[in-house]
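The values are calculated or read from the model by the stated rules, or taken from the named source; none is laboratory data. From a predicted model like this one, the values you see are computed outputs, not experimental measurements. Virtual Cβ from ideal backbone geometry, glycine too; neighbours counted across all protein chains shown. Each accessible area value is taken on the protein alone, full model and side chains, heavy atoms only, with ligands, DNA and RNA left out. Shrake-Rupley method; radii C 1.70, N 1.55, O 1.52, S 1.80 Å.
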Amino acid sequence: MIRLLIADDESLLRMAFRMVFEAEPDMEVAGEADDGEQAARLARHLRPDVVLMDVRMPGLDGIEATRRIARDSPRSRVLILTTFDLDEYAFAGLKAGAAGFLPKNTRPQELLSAIRNVAAGEAALSPRVTRRVLERFAPQMTQGPAERDERLAQLTAREHEVLVQVARGLSNAEVATGLHLAEATVKTHLSRVLVKLGLRDRAQVVVFAYESGLIRPATPDL
């Protein structure tokens, strides 16, 4: 059973989400929050599998609430709801530790699929979409040159290769083909990368690769 926390300041929208989720045999709504402060607090107490997080809420906004949940409730994964599929809130949400983002006009079946993927530890969106967000907004929202992260020294040569390919937006199957590996081997390497770098999912891999200087936006070889 996937336990959900709905964070949105619009009560009618929360009610609509609850109706959709509770009609599914593998989902239950553990709680609702109408602002970011309450969302972060309930995440600590209720320990939901997935938090559906609106961005614009009174008091503490959804981005800061996501940051607190990622820090204090690491088992709860956050899906950010944005007005558009590519906006500054999507970028800020990924930076804060969200597992992914979805536009508010996402169809119910797509939303349900994304929630199930996130609850299973997979990406809520493709790495390519994550890269598009970084390409568009990261240069505007970061200052100074990227610094190479010392944690990279923990990786083997093969793990480093897998990290770069995933950060470039390739699926496990595409990485396997390019590196002449079995797809199961790629999954194993990626799991080790996540553990060694302290990352939670593929979306965070892309953010890490940009911030550590492994990937540069808008370079010709990408």
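Tell me which residues, restricted to the range 115-154, are small (Gly, Ala, Ser), closer than 20 Å to residue 187 by Cβ and at pLDDT 85 or above.
Within the range 115-154, just 119 meets the criteria.
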Of all residues in the range 191-201 being in contact with a Lys or Arg (Cβ under 8 Å, 6 or more places away or on another chain) and part of a helix (DSSP H, G or I), the one that is most open to solvent (accessible area, probe 1.4 Å): 196
Pull up the range 23-42, narrow it to residues that are open to solvent by 40 Å² or more (accessible area, probe 1.4 Å) and part of a strand (DSSP E or B), then point me to the one that is farthest from residue 104 (Cα to Cα). 28
Candidate set: the range 202-222, residues that are exposed (fewer than 14 other Cβ atoms within 10 Å of the Cβ) and out of contact with any Lys or Arg (no Cβ under 7 Å at 6 or more places or on another chain); chosen: the one modelled with the highest pLDDT: 218
Check whether at least one residue in the range 97-120 is part of a strand (DSSP E or B) and surrounded by fewer than 17 Cβ atoms within 10 Å (Cβ to Cβ), and report yes or no. yes
Residue 111, sole failed condition from (1) closer than 16 Å to residue 4 by Cα; (2) hydrophobic (A, V, I, L, M, F, W, C); (3) touching a helix residue (DSSP H, G or I) at 6+ places or on another chain (Cβ under 6 Å): (3)
Identify all residues within the range 43-76 that are open to solvent by less than 10 Å² (accessible area, probe 1.4 Å), in a helix (DSSP H, G or I) and under 19 Å from residue 91 (Cα atoms); write none if there are none. 62, 65, 66, 69
